[in-house]
Amino acid sequence: MFRFLFHLACLILIATVSGLVYFGIFVRTERYDLLDLLRRRPLTAVIGVERPVLAQSSTAPAPLLRAEPLDLNNVGILTEVNRAVSDLTDAVVPAVVSIDTTTNVNVTRVIPTDPFGLFGYQQNESYAAPGLGSGVIVTDKGHIVTNHHVVAGVDEIRVTLHDGSQYEAEWIGSEPNVDIAVLQLKAPEGGSLPPLQPLVFGNSDTVRVGEMVLAVGNPFGLSETVTQGIISAKQRELSDGANEYFQTDAVINPGNSGGPLVNVRGEIIGINVAIFTGQENVRVWQGIGLAIPSKEAREVFEAIVLGRPLIRGYLGLDVDNLSRNYALALGLPSTLGAVVTDVSKGSPAEEAGLKPGDVIMKFDGKAIRNAEETLSRIRAKKSGEVANLTILRKGQTIETAVTAIAKSDTNTLKLRSDIAKSGQAIAEALGITVANLNESQRQALKIPDELPSIVITDVKAKSQAAQRFQRGDLIHRINQDSVTDVTTFYDLLGDLPQDKTSVMVLSRGGRLIRALLNP
């Protein structure tokens, strides 16, 4: 019995050893284990083809295919690329600035005077609403290009440079349709601006899909954030009537607005403007960023700073929204479209046969919603480009093509100088002359320092203002904007909305007066 057990144990031992040897022989080439690591054996691809597909002309089995060992020390090309991207970042970042804005907001709060809240009085309160954006320095004189929506309607603009220094900036002008604004740094009193490192505009017309780009900005207030990506697509639109944009997968988040999109040469090829939010209430990066092509930004900059005309497409059409009654008369199911109200003599539209009363239904194959969208699409046309229109005339659908020509258009360009002149003209038309209040006048009139005020020094006889205003009246606010000085007053007057009535808030002997302004 003992001999039988001894022989059985020997057989089991021999079978076990044989199995281990078999495993080591056939599996060794298909795994990389701890022993290989300790022996510093090179890491190789262990995936092979034991029985490769044979060519039709050969019946001999092909040898086992194995990849060459990867030399992890040979990263010269990657090192050069890495160094180039870092050098590019070092050259670009000093031109990118952080823009902090402040907007004074006035609100009216009801203060209850009884426990049940049935009675009370109104109390005017104000607070400063902060804003954040990015910009890029484009001249050594301190001109900055950013988005119009970053600085629209703000009361104060402060710019933080690459070295951390802060300066006030003056708004010079905007083109709201393109969403581009130009600022200029203001040197401190008795001082000067530091040496600046501006970036140049590149040619956005030559940008190709797949090009590597960097987006620089201040998302969520995190200054000098650099993200890398490619141009994912061109000619993207936020809506049917909007401008065309570059699409990039470089990360763009709130706060990046106004920052540059640069190519590998450090040239501005776009101004970051928006992110695409595919899900409702999601305002973080989802892989789709949009940038305004640099050609559009450069045209606006040159029109504002250099006085060059802003060239827009011109067809020679005046259009208006389609009213409900007019749509019913034409048998249309909706008011979508734009009705032609006038055709300029000798214009491309006249040559193409368009007539007043025609209803533009489609523009380049896309449905038209209203007159504003039609004008936006016309302006986007360059000289020599053809606009294919689908129009409705006396119940019949007609297809026509109109060739756009170049025409200077500054109707949408908002310049500080133009607004100031317009505000002065409105004040003169009203018949009032205004002045700032000095400290002694404020004390004599018992006006708190925190109450924004200017004084009317003269009212012309038989003018519009003579019916409501008097000499010595104090002007405090226009709509929700505070009037802190005469310059602000002219700016607010010159920028009054044209489509609604505005309110000027004054006081006389402690009594508030509200005057309606209808430009």
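FYI, it's all coordinate maths here, none of it is from the lab. Remember, predicted model here, so these are calculated numbers, not experimental data. FYI the Cβ positions are ideal-geometry reconstructions off the backbone, even for glycines, and counts take in every protein chain you see.
Would you mind checking the stretch 193-215 for residues with the amide N under 19 Å from a putative spin-label position 7 Å along Cα→C-beta of Thr160?
From the stretch 193-215, the list is 194, 197.
Applying the Karplus parametrisation 6.51 cos²θ - 1.76 cosθ + 1.60 with θ = phi - 60° to the phi angles of the stretch 339-348, what ³J(HN,Hα) value in whole Hz is obtained for each residue in order, glycine and proline being reported as x?
For the stretch 339-348, the Karplus curve yields 9, 7, 9, 7, 10, 5, 5, x, 8, x Hz.
What's the center-to-center distance, using Cα atoms, between the stretch 131-179 and the stretch 422-478 in Å?
31 Å
Highest mean first, what order results for 138-147, 379-388 on Cβ atoms within 10 Å?
Per-residue Cβ counts within 10 Å, averaged per peptide and sorted highest first, yield 138-147, 379-388.
How about Lys500: which lysines have a C-alpha closer than 25 Å to its C-alpha, ignoring those fewer than 8 places off in the same chain?
Partners found: Lys414, Lys421.
Do the alpha carbons of any pairs in Lys382/Lys407; Lys355/Lys394; Lys355/Lys382; Lys295/Lys362 sit beyond 19 Å of each other, and which pairs?
Lys355/Lys382; Lys295/Lys362
Can you order the peptides 199-205, 448-454 by their average number of other Cβ atoms within 10 Å per residue, highest first?
199-205, 448-454
Give me the number: length gained by fully extending Leu512 to Gln424, i.e. 0.36 nm times residue separation minus the C-alpha to C-alpha distance, one decimal in nm.
29.3 nm
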